[in-house]
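See below for the structure under consideration.
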Amino acid sequence: MEGMTNSAVVLADPASYAAAVEEAAQAAAAYYATGESTLDDDAYDRLARGIAAYEQEHPQEVLPTSPTGKVAGGAAVGDVPHTVPMLSLDNVFSAEQFATWTASLERRIGRPVTAWSVEPKLDGLAVAARYREGRLERLITRGDGTAGEDVSHASGTVVGLPERLAEPVTIEIRGEILMTTAQFEQANATRTEHGGAPFANARNGAAGTLRAKDRAYTVEMTFFAYGALPLPDSGELAAELAELPHSQVLGRVADLGVHTAGDTEVAPRTVAAVEEAQARVEEVAALRASLPFGIDGIVIKADLAADQRDAGVGTRAPRWAIAYKLPAVEKVTRLLGVEWNVGRTGIIAPRAVLEPVEIDGSTVGYATLHNPADITRRDLRIGDHVMVYKAGDIIPRIEAPVAHLRTGDEQPVVFPEACPQCGSEIDTSEQRWRCVRGRDCRVVASVSYAAGRDQLDIEGLGTTRVVQLVDAGLVADFADLFTLEREQLLSLDRMGETSTDNLLAAIDAARTQPLSRVFCALGVRGTGRSMSRRIARYFAEMDRIRAADAEELQRVDGIGKEKAAAVVAELAELAPLIEKLIAAGLTMTEPGATPPPPPGEEAGEETAGSTEGAPLAGMTVVVTGAMTGVLEKLSRNQMNELIERAGGKSSSSVSKRTAMLVAGEKAGSKRTKAEDLGVRIATPEEFAEMVGEFLPVDA
Ligand code: IVH
């Protein structure tokens, strides 16, 4: 499988080896004590592998505190001896490694293995539950594998681990205690209500909860059994268990009333061939993201008792089972900020901005935060280290801050006081905050956008005015601006004769804005200023744009398959608005552009929007610094429009493909780069001369 991590930290000398051992020992101690490690699983594994690699090269330097070869990294303590050691598992990370392992097992026992049990590797804490004559007597952690800690006090809060079995048998049932996603959410809600710090993830939650004794509240966990063994006075049951295949042992355990993974989508499955086991591994891996509890791999076991017996056990792990590890889906990173976005219905949703981190093969820079209450409940602060979860195509989410990594410099998250989109009030009466304008919030934002400087450039139409117009019911989209009447405007607060006449004149002037700006004003996703100009220049007429299918749209530079389809769909939705704009007399053509021939008759790739003979034909031009002379008043967007009208392509960065840099006053690094690359540099005046005939009328 791809994206598996088995890289290691590289240790070059005794000092860095010693430091690594120290760090690993501390992390392991913290992890097994409270479940709260200072490293995420991936980082710990990399460190452990680096330590092991160093020790192989320098066997005489191995420190006694090294975690290598020790159960639980040598960290765990406890005083209840295990009757049979609670071992760890060896790992594989790929199909090849898995096949190698099965082959070596079959070689060892001298025959093929004909039954494999494939089951989830539950991401919790190993415990042994001792039942005497059907009653739960003791619950013990794995500890160092030889002896563990008595955590019987917690048994009442563990779902799936009954006080009494269905039969009065004496047996030790082993398995994993974890928090399901729902239990984890509940635990953190309860904890923060009691003034405690949230758990960073479900595993930490289970570890901390299992060992906690004097809490004022209880939180629930779940037990999943994965094995059973006889105790000294198990009687007949001992012989029975010794002969049963592992899969049937699990069945027996379930019949006794103990919870197993048997009732989940990733229930243990017995297969005959290694290829089938591999296929099931991939199936379970694909289900991982949608499971209501965490798994960190798949465990494959030789199912038959005889195979297990003949394979035997090593000091650290049995030879008849292997953990097929899945890539880590949780990483620790920093919360850099919170953004607030307003949806179509006016819902104001927070989004976490993260220090980018690679998880499961993709880079994660954002995570959902659901709603403001969620931020409060999780007690998130800017600057926090946070545990981020991402699996499959699931939207990344923050589990919780890693509270013990706080320095005191973290800052509270600032909640917006007004709608970040339109500036109106926020309705905070429900969990999900909403702009009081609801869907109209979009109207205010989209009308303000359309009236903006780089679109229709309607002076005097700021957000406050737009809110007024929308509230008065005069404007429901920006086409309505063009049918506003003088009397209507005069009836509004703070609208005198002069401002009314100025506004009407500004609106009227917008009718002459070119198609590129009208198109940009529509706010079609993915078509900002520069893309709108490219579209307008290619098609030259609004009708041609509307008639284009996705395939034709892709002829425009920078439009791929996906964007083309999205634009076509959005334009269809916008048809009524476009009709209104046409009726209102807005310009629906792009000056200087020639429409492409109808589909099917195109002569060559670049006939449409042809710029042959134009002064900047075929040139990529970059503008930097402050413009002077006739160009002084032009915004950067207007400069780019000018370049494109004159047949060129505008760009914002200098590269070896740049044909010319227009460098105004205080030009900085772009000028230096152009000089280095030998790119032609023109002053604003020289440039104005070249493109004279294309200058805007008022420039
Ligand atoms: S069998 C003697 N089956 O993973 C072998 N272990 O990393 C005992 N684990 O110590 C392990 N799910 O705590 C087994 N289905 C499963 C498991 C499982 C989770 C844990 C267990 C073990 C650790 C090794």
task = Rounded to whole Hz and in sequence order, give me ³J(HN,Hα) for the range 148-153 from the Karplus expression 6.51 cos²θ - 1.76 cosθ + 1.60, θ = phi - 60°, writing x for Gly and Pro.
result = x, 9, 7, 10, 4, 4
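How long is the gain from GLU579 to VAL414 if the chain were fully straight, where each residue apart is worth 0.36 nm and the alpha carbon distance is subtracted?
Values: separation 165, 0.36 × 165 = 59.40 nm, distance 4.23 nm.
Extending this stretch completely gives an extra 55.2 nm.
For the range 409-493, compute the orientation-averaged projected area of the C-alpha convex hull (one quarter of its surface), in nm².
That works out to 7.8 nm².
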task = Output the direction-averaged projected area (hull surface divided by four) of the convex hull of the alpha-carbon atoms of the range 340-474, in nm².
result = 10.6
query = Quick one: if the Förster radius is 22 Å, what FRET efficiency do GLU133 and ASP263 give, using the C-beta to C-beta distance and rounding to 0.05?
reply = 0.25
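Hey, what did the chain get for relative contact order, percent, Cα under 8 Å, at least 6 apart?
That works out to 9 percent.
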query = Considering the dipole of the chain built from charges on the beta carbon (Lys and Arg +1, Asp and Glu -1) around the Cα centre, which of LEU642, LEU492, LEU105 is farthest to its positive end?
reply = LEU105
task = Divide, for the range 290-340, the radius of gyration over alpha carbons by 2.2 N^0.38 Å, where N is the residue count.
result = 1.91
note = If one compares the long axis through the Cα atoms of helix 202-211 with the longest principal axis of the Cα atoms of the chain, the angle in degrees, nearest 10, works out at 40
query = How many nm is it between the label spots at LEU504 and ASP90, if each spot is 7 Å from the Cα in line with the beta carbon?
reply = 8.8
query = Where the accessible area of the range 86-217 is counted over protein heavy atoms with a 1.4 Å probe, how much of it, in %, is carbon and sulfur?
reply = 47
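Show me the ranking of peptides 12-22, 283-293 by mean Cβ neighbours inside 10 Å, starting with the highest. Walk me through the intermediate numbers first.
Working: 12-22: 14.4, 283-293: 15.9.
Sorting 12-22, 283-293 by mean packing, highest first, produces 283-293, 12-22.
Could you give the accessible area per residue of the range 12-154, probe 1.4 Å, as a whole number in Å²? Walk me through the numbers on the way to the answer.
Working: 6410 Å² over 143 residues.
On a per-residue basis, the range 12-154 sits at 45 Å².
Restricting to Cα atoms and excluding each atom paired with itself, what does the Kirkwood estimate give for the range 451-584 in Å?
So the Kirkwood estimate lands at 15.9 Å.
Stick to Cα atoms and the Kirkwood definition of Rh, then tell me Rg/Rh for the chain. Each step should come with its number before you reach the end.
Working: Rg = 33.9 Å, Rh = 30.8 Å.
That ratio equals 1.10.
Can you tell me the accessible area per residue over the range 293-347, all protein chains present, probe 1.4 angstrom, in square angstrom?
Values: 1850 Å² over 55 residues.
About 34 Å² of surface per residue is accessible.
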task = Rounded to the nearest 10 degrees, what's the angle between the helix 497-509 long axis and the longest principal axis of the chain, both from Cα atoms, 0 to 90?
result = 80
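The values are calculated or read from the model by the stated rules, or taken from the named source; none is laboratory data. Bear in mind the structure is a predicted one, so any value in this text is a computation, not a measurement. Cβ coordinates were reconstructed from backbone atoms using ideal geometry, including for glycine residues, and neighbour counts include every protein chain displayed. Areas reflect the complete protein model, heavy atoms only, side chains present, ligands, DNA and RNA absent. Shrake-Rupley method; radii C 1.70, N 1.55, O 1.52, S 1.80 Å.
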